[in-house]
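The next block holds one structure in the form of structure tokens; read it before the comments.
The values are calculated or read from the model by the stated rules, or taken from the named source; none is laboratory data. None of the values given here were measured: they were computed from a predicted structure. A quick note on method: Cβ atoms are made from the backbone with ideal geometry, for glycine too, and the neighbour counts reach across all protein chains shown.
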Amino acid sequence: MMRMILISALAFIIPFVVWYAASRARGQTGGAPIALLSLAGAACVMVTVTALALMAAGEAERAPHYAPPRIERDRLPEGHLGPRGDSPGDVRTPNDPSPGNPDLEPAPEPEPAPAPEPSPAPDR
């Protein structure tokens, strides 16, 4: 936000600086047309803000997305930056894990216990 304020302030000051430099070069000592310079400064601000908005269009879709901490399979993994679509609203179950994400991989199936061997019959 501070960057936008500074850029807008500099864009507003440009006509005043140009007027001052031109009047000094011509040797004029009269007053500056404040209303005209203010309108020119406002126009510079509008052009600058529009240009910045057009250059940044679509940048939000390419930026990493923050996924906050959430409970997954009785664990609480830390929040992280990741690609879009990895948000808390994306519901994943152990049967439908995200490929390559070890936190969401299903647990391996436990191996069945071996069957007990029959006990030998007692001798008579």
All but one of (1) under 23 Å from the mean Cα position of the chain (by Cα); (2) in a helix (DSSP H, G or I) hold for ALA25, so report the exception by its number. (1)
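Mind telling me which of the residues ASP96, ASP86 ends up being surrounded by 10 or more Cβ atoms within 10 Å (Cβ to Cβ), among the acidic types (Asp, Glu) and at pLDDT below 75? Break it down stepwise before answering.
Working: ASP96 fails: surrounded by 10 or more Cβ atoms within 10 Å (Cβ to Cβ).
So the residue among ASP96, ASP86 that is surrounded by 10 or more Cβ atoms within 10 Å (Cβ to Cβ), among the acidic types (Asp, Glu) and at pLDDT below 75 is ASP86.
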Restricting to the stretch 48-83, count the residues that are modelled with pLDDT of 75 or more, loosely packed, with under 10 Cβ neighbours inside 10 Å and at positive phi. 1
Contacts under 9 angstrom Cβ, first residue in the stretch 55-82 being part of a loop (DSSP other than H, G, I, E, B) and of a type in the set (D, E, K, R), partner surrounded by 11 or more Cβ atoms within 10 Å (Cβ to Cβ) and at pLDDT 70 or above, 6 or more apart: ARG70/PRO77; ARG70/GLY79; GLU78/PRO69
